[in-house]
Structure formats: structure tokens, C-alpha cells
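Reading through the C-alpha cells given below for one structure.
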Amino acid sequence: MSPGYFETMGIPLARGRDFSEADAPGTPLVVVVNETMAERFWPGKDPIGRRFKFFGDAEFTTIVGVARNAKYNGVVEDPTPFIYQPLRQNYNPAATLHVRADSDAATLAAAVRREVQALDPTLSVFNVRTLEDQVAESLAPLRTNVILLTTFGILALLLASIGLYGVASYSVAQRTREIGVRMALGARPSSVLGLVLRRSLVLVAAGLVIGLGGAVALSLLVPAELLATVSPRDPATFAATALLLAAVALVATYVPARRATKIDPLLALRAE
């Protein structure tokens, strides 16, 4: 990392200092650690000035700063210990140049290439990407999984709706004579509508209770780290799902129930 890296990346320093031009070859080795590393290896203590050795190193490395936690390998990763080293003390020819600007990235890339070539014509700039593109790429597998699960969920909801409609229609057909008798004896259409809806929704309520109980039990097997911002047993998610299924069930049973109110009592009584 070079001086100004943390400011460019928007990573604030909690304590200590940033790298400087004085952190050069031949000077004492320094690093900046993140908060997770400081809390894990020096809990309750100030890590500034602490020294340690990397495996195989002969010299000690001194901590000069503590940076806020950031994401290093993926957006949904848990906080992990991380060490930043100055570029001049740990040179790598395959370096990454980070540029922060308000202008469009497509027009900025050409200007960056010109500046780099002006500094050293032998340097090449390639694989130019914005931070937004990199974040989108890291989320691509998760996005694919979400699309697949959403598609399967919609199909399951559609199949459940068709099944509810079919069961309600069959129930009305089986009770044609009963409904005809009730209407012949003076039952109002609203009473018939309520009768069909109540019986259908009782089954739906029983199914929701059993389904929610099974979902809660299975959620105990889901690792919490697979979900970024919600718990596997989030009450709001379960409540919203139950309300959605209940609404679908209400719509799916209303059509055959409405049809039952239009049955001609004479035709119903003649039916086998």
C-alpha cells in the first residue's frame, strides 16, 4: 500500500497513522492492522507500537496504525484479521492502482493510462475495472442463487394456488345438492359464499400452521453465515410468507365460492 491508500478507498483509521514516504527500503518495517486483528491478538490493549515477526523474517515489524474493518474477499464475509504493508517495503511488480474520482470511469481510464505512460513507458495498465464492477462480480454467484430460488418459489406458489383452486372447485362440485337445498330453503348468496370460504380457509390455516412449524424446525439446520442481513428464523420473513400464502389461498378459493352462489337451486336438486 502507498501513502493515501486508506483515504482513496474510504477506509478510516481508528488509531495511529497512515503510511508515508519515510516508510522506504532500509527503514524499520511497519504495518497497519485492522480492528479485528487488533482485538484478536491484543484484546483490551493499544496495538500501536507492538512488534511481531512474519514467518521467516529476521526483522521485527511494528504496528503504526489501526484501520476500520473492511471487506477483502467478498461483501458477505465476516470480519477477518488483515494486515496492510507499505509498497516500498514489500514491492510487488504486479501492483494495483486505485483511483478515486467523480468523473465517468470510462473516460478516466484513458487519462490514467496517459499519466502512467508519462511516468514510465515500460509500465502497462490493464484489467481496468470500477469498484462497483468488482462488487457486482463478487455477488454474481449469490445473485444467481437468489434468482433460481425466487423462480422455484414462484413456481411453488403457482402450483399451490392451482391446487387450492382445484380442491375448492371439487368441493363445490361435490356439494352441489347441499348448496341447492340451502338456497331453495332461503339461504342468501352471502351465506353460501361464507360457508364455502370458511371450510376452505380452515384447511389453509391448518396447512399454514403445519408448514410454519416445519419451516422453523428446518431453519435450525441452516447456517447463519449463509444469509447476509437476515436470520434463518426471522419472524418478519415468516409472517410475510404466511400472509402472502393466505392471500393467495383467499383469491384461489374465492372464484369457486363465488360460482357456488350462482347455482340454480332447481338444477342443483336434479343433479345426481
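The values are calculated or read from the model by the stated rules, or taken from the named source; none is laboratory data. Quantities reported herein were computed from a predicted structural model and do not represent experimental measurements. We place every Cβ from the backbone using ideal geometry, glycine too, and count neighbours over all the protein chains shown. Note: areas computed on protein heavy atoms with side chains; ligands, DNA, RNA excluded. Shrake-Rupley method; radii C 1.70, N 1.55, O 1.52, S 1.80 Å.
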Margin query: Need the full-extension length gain, T27 to S124, defined as separation in residues times 0.36 nm minus the C-alpha distance. One decimal, nm.
Written below: 32.0 nm
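Using 0.36 nm times the number of residues separating L218 and D57, minus their current alpha carbon distance, what extension gain do you get? Write down the numbers at each step before the final one.
Details: separation 161, 0.36 × 161 = 57.96 nm, distance 4.93 nm.
Working it through step by step, the gained length comes to 53.0 nm.
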Notebook entry, point to check: Amide H to amide H, which residues 5 or more places from R15 or on other chains are under 5 Å from it, using H placed in the peptide plane?
Noted result: V66
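Given N residues in the stretch 1-141, what is Rg(Cα) / (2.2 N^0.38 Å)? It would help to have the intermediate numbers written out before the result.
Numbers: Rg = 17.0 Å, N = 141, 2.2 N^0.38 = 14.4 Å.
Taking the Cα Rg and dividing by 2.2 N^0.38 Å, one obtains 1.18.
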Checklist line | Whichever lysines have a C-alpha closer than 20 Å to that of K45, once near sequence neighbours (fewer than 8 apart) are set aside | finding: K53
Notebook entry, point to check: Among S169, A14, G65, whose Cα lies farthest out toward the positive end of the dipole of the chain, if unit charges sit on the beta carbon of Lys, Arg (+1) and Asp, Glu (-1)?
Noted result: S169
Notebook entry, point to check: Which order do peptides 82-88, 130-136 fall in by mean Cβ count within 10 Å, highest first?
Noted result: 82-88, 130-136
Notebook entry, point to check: Which whole-number percent is the relative contact order of the chain (Cα, under 8 Å, 6+ apart)?
Noted result: 18 percent
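Going by average Cβ neighbours within 10 Å, how do the peptides 21-32, 247-258 rank, with the highest at the top?
Numbers: 21-32: 14.6, 247-258: 17.8.
The peptides rank, most packed first, as 247-258, 21-32.
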Notebook entry, point to check: Which of the listed residues, T80, L97, N127, is farthest toward the dipole's positive end in the stretch 77-173, when Lys, Arg count +1 and Asp, Glu count -1 at the beta-carbon?
Noted result: N127
Next item on the list: Work from the charge dipole of the stretch 143-264 (Cβ charges, +1 for Lys and Arg, -1 for Asp and Glu, about the Cα centre) and give the residue of A217, L157, S190 farthest towards its positive end.
Entry: S190
Next item on the list: Work out, in µm²/s and without decimals, the Stokes-Einstein translational diffusion coefficient of the stretch 124-253 at 10 °C, 1.306 mPa s, Rh from Kirkwood over C-alpha pairs.
Entry: 85 µm²/s
Next item on the list: Determine the sum of side-chain charges near A242: Lys and Arg each +1, Asp and Glu each -1, restricted to other residues whose C-beta is under 15 angstrom from that of A242.
Entry: 0
Item checked: C-alpha long axis of helix 235-260 to longest principal axis of the chain, angle in ° -> 30 degrees
Check: Three principal axis extents, largest first, for the C-alpha atoms of the chain, in Å?
Finding: 104, 47, 28
Item checked: the chain: calculated mean residue ellipticity at 222 nm from DSSP helix runs of at least 4, using -39500 (n - 2.57) -> -18000 deg cm²/dmol
Check: Given labels modelled 7 Å from the Cα in the Cβ direction, how far is it in nm from R198 to Y91?
Finding: 8.7 nm
Next item on the list: Taking the Cα centre of the chain as origin, work out the dipole magnitude from +1 charges on Lys and Arg Cβ and -1 charges on Asp and Glu Cβ, in debye rounded to 20.
Entry: 1800 debye
Note to self: To test your reading of the geometry: what angle, between 0 and 90 degrees and rounded to tens, separates the Cα axis of helix 189-219 from the longest principal axis of the chain?
What the structure shows: 30 degrees
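For the stretch 141-181, which semi-axes, largest first and in whole Å, follow from the square roots of 5 times the eigenvalues of its Cα gyration tensor?
Numbers: eigenvalues 306, 5, 3 Å².
They are 39, 5, 4 Å, listed largest first.
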Item checked: Fully extended contour minus Cα-Cα distance, from F82 to L250, at 0.36 nm per residue -> 55.1 nm
Check: If Lys and Arg each add +1 and Asp and Glu each add -1, what is the summed charge of the other residues whose beta carbon sits under 12 Å from the beta carbon of T27?
Finding: -2
Notebook entry, point to check: Assigning unit charges at the beta carbon (Lys, Arg +1; Asp, Glu -1) and nothing else, what dipole magnitude in debye, to the nearest 20, does the stretch 1-101 show about its Cα centre?
Noted result: 120 debye
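Send over a whole-number figure in Å² for the accessible area per residue of the chain, probe 1.4 Å. If you can, show how the numbers build up before the last one.
Numbers: 18330 Å² over 272 residues.
Roughly 67 Å² per residue, with all protein chains present.
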Check: Roughly how many percent of the accessible protein surface of the stretch 50-145 is carbon and sulfur, given a 1.4 Å probe and a whole-percent answer?
Finding: 54 percent
